[in-house]
């Protein structure tokens, strides 16, 4: 196997898709919490900007801890595949 344009593009695609997969749970959690707190602030007319920081940080950390085994499995599989490809290069 040679390092050609198709292989490089496939690796770029897989790396980008992996980054999106790994970051999605935390980003979606922060988005949902921010939206929920914004609706709560609008309903109660509380206009405190710092109100959303602590829940976002806590819930994002909890989601990260819960999804850590899944994320590590994805990274390990990707790394194994990458080393297989590197081993087959001429």
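For this structure, a couple of remarks:
- Its Kirkwood hydrodynamic radius, worked out from the mean inverse distance over all distinct Cα pairs, puts the chain at 15.9 Å.
- Against the chain, whose longest principal axis is taken from its Cα atoms, helix 5-44 shows a tilt of about 10°.
- Principal-axis tilt of helix 53-88 within the chain, Cα atoms, nearest 10 degrees: 0 degrees
- Here the Gaussian network model covers the chain, with springs between Cα atoms less than 10 Å apart; of 60, 16, 50, 50 fluctuates the most.
- For the options 67, 44, 29, a Gaussian network treatment of the chain with springs between C-alpha atoms closer than 10 Å singles out 44 as fluctuating the most.
- Top of 37, 46, 66 by mean-square fluctuation, Gaussian network on the chain, Cα under 10 Å: 46
Here, each number is a calculation from the coordinates, and none is a lab measurement. Here the structure is a predicted model, which is why all the values come from computation and not from measurement.
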